[in-house]
Structures are given as structure tokens and as C-alpha cells.
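Contents: one structure, followed by commentary.
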Amino acid sequence: KLDDETPELLVGSPMRAAFSTLQNLNYSKMTAKQVLHKVNAAMDHIRFTLMLCEKQVKAGRLFLFEHPVQARSWNLGLVKRLFKYKRVCTVDFDFCQLGMQSEGYPVKKRTRVMTNSPKIANRLDKYQCDQSHWHLPLTMGRASACQVYPRPFSAQICLGLKEELAKRQINAVQ
């Protein structure tokens, strides 16, 4: 389907539970078989997501891969492999600055994005928590509210994509 539709930007945000530091607390309550099943499913999903990101790069299109800064997924060789491509970089930012909330309060979800779009990376880099507000801890099931991107985040991605496309048009004319 990716080959048929050829999107200019692919956003990949694979299952993060198996890579989450919070999830580590739950592993002790699970059987070894349950943990293995959860990790294998997450690895299959991340492999698929990264394969799609790599296809985008090879086709001259853009990708954005998002996971929490502390996620163990960033240490995987298959994630690091994407850095061999030109313009691939990471940027860390705080979702509280982009309107992420749970139960009506800001949450500090420190997030890392890997992308081959300098315009998107530059836009997200501006969103660092200024510590002017209190953050609701993401415990007791509150993290589930963070599974939906806030509109300001999506807007920044769209604006960055618009800038990338405009730059391509200018370069094509020259």
C-alpha cells in the first residue's frame, strides 16, 4: 500500500509498551511467556515500522519515527541503522509544550523523534518545557490519554512538511 500511495511523509509510532520504563514495573507480575509474547509482538511492529521508514528514505520521501526519550527501542541496532541515510537526525522535545494532557493537566512526556526532515526537526526542537507549570505523573493508567497526538503537535508536523515541500519546489525551479 505504501508503494501505491507514496505519501510524502510517513509517521511511525510503534507500540511502545514493551520498551517503556513504566512497563518494566509490570513485567514482574507477568509470566515469562507473557513477557516474551509482548516483547516479540513489539519487535515485529517496530521492525515493520522501520522497514517502512527505510522505504520512504530510499524513495526520496520523508519519515518521522516517534518514541519516548527513555524507551529502550532507541538502543536497538535496527533503529540506529537509519542513521546511515543522509539528513536523518533526532530531536528531543516535551509534549507538555504542545498541549499534551491527562485528566486536564499537562504531562511531561519527553519524546524523541527521528526524521529525515530538517524542517520538522527544527520546529519540534523549540518545544522544551519551561518549568512554568506542574506536570501530572503518568502513573495509574494516566499514560493512556497520551496515545493521541495533540493538535498543536500535528500542526507543527504539517507546517514542517509544508516547508519541506516548498523547499523542494524552489530547488526544482533552480
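The values are calculated or read from the model by the stated rules, or taken from the named source; none is laboratory data. This structure is a prediction, so every number in the text was calculated from the model and none was measured. Here the Cβ positions follow ideal geometry from the backbone for every residue, glycine too, while neighbour counts run over all protein chains shown. These area figures cover heavy atoms from the full protein model, side chains too; ligands, DNA and RNA do not enter into them. Shrake-Rupley method; radii C 1.70, N 1.55, O 1.52, S 1.80 Å.
Figures for the structure shown
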| quantity | calculated |
| --- | --- |
| The chain, accessible surface, carbon-and-sulfur percent (1.4 angstrom probe) | 55 |
| Cross-link table Lys84/Lys126; Lys38/Lys84; Lys55/Lys84; Lys33/Lys108; Lys86/Lys167; Lys109/Lys167, entries beyond 23 Å C-alpha to C-alpha | Lys84/Lys126; Lys38/Lys84; Lys33/Lys108; Lys109/Lys167 |
| Ordering of 126-135, 94-103 by packing [mean C-beta count within 10 Å, highest first] | 94-103, 126-135 |
| Relative contact order (percent, whole number), the chain, Cα cutoff 8 Å, 6+ residue spacing | 20 |
| Length added when fully stretched, Lys126-Leu76, from 0.36 nm per residue minus Cα-Cα | 15.3 nm |
| Alpha-carbon radius of gyration plus Dmax, which is the widest Cα pair, for the chain in Å | 17.3, 61 |
| Hydrodynamic radius of the stretch 37-112 per Kirkwood, over alpha carbon pairs, in Å | 14.0 |
| All aspartates and glutamates inside 17 Å of Lys80 as judged from Cα atoms, apart from same-chain residues fewer than 8 positions distant | Asp44, Glu54, Glu66, Asp92 |
| Over the stretch 75-174, relative contact order from alpha-carbon pairs under 8 Å, at least 6 apart, % | 30 |
| Relative packing of peptides 110-121, 80-91, 28-39 - highest average C-beta neighbours within 10 Å first | 110-121, 80-91, 28-39 |
| In range of the label at Tyr105: residues from the stretch 120-135 whose backbone nitrogen is under 19 Å from the point 7 Å along Cα→Cβ | 129-135 |
